[in-house]
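Below is one structure, written out as structure tokens; comments come after it.
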Amino acid sequence: MRKSTLIVGSFLLASGGVLAACGSDTDSSEASGNDTIRIGFQTGNTLNVLRDSGYLEDRIEEEELDVSVEWIEFDQGGAVMEALSTNNIDYGNAADGPGIFAQAQGREILYVGASFLMKKA
């Protein structure tokens, strides 16, 4: 479980600056000191591991970044897509179906993915 947390946490940290910028309507010169990354998650998906472990917040603190994380729970993937397309969250995780339907409706959604090659035992 620690390895999956590390993988997801590293991915989110690496893309954190991009994610924070995606949901921001303010000019960088207007931004106050602390930015918030709003992460939408569904009960039972992989982001729960990251949220429950506190790993992302620990890494942000270790790196001395001026960023906070707000976790927002959704009951289904369609709601995650809606929140993404209306800039109510900066990053979310849902199955492929809700994303396909959101794109078919013309919603502007940026897909971010990461995959690591697993060694066979």
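Coordinate-derived values only; no laboratory data. Because the structure is a prediction, the values reported are computed rather than measured. Cβ: placed from backbone, ideal geometry, glycine included. Neighbour counts: every protein chain shown.
Taking the average, over residues, of other Cβ atoms within 10 Å as the packing measure, peptides 90-97, 77-84 rank 77-84, 90-97 from highest down. Packing here is the average count of other Cβ atoms within 10 Å per residue, and on that basis the peptides 51-62, 35-46, highest first, run 35-46, 51-62.
In this rough spin-label picture, where each label sits 7 Å from Cα along the Cβ direction, the D75-E61 distance is 3.4 nm.
Note on D52 and F101: with the Förster distance fixed at 35 Å, the Cβ-Cβ geometry gives a FRET efficiency of about 0.75. Estimated at 0.36 nm per residue, the fully extended path between N45 and E108 surpasses their Cα-Cα distance by 20.4 nm.
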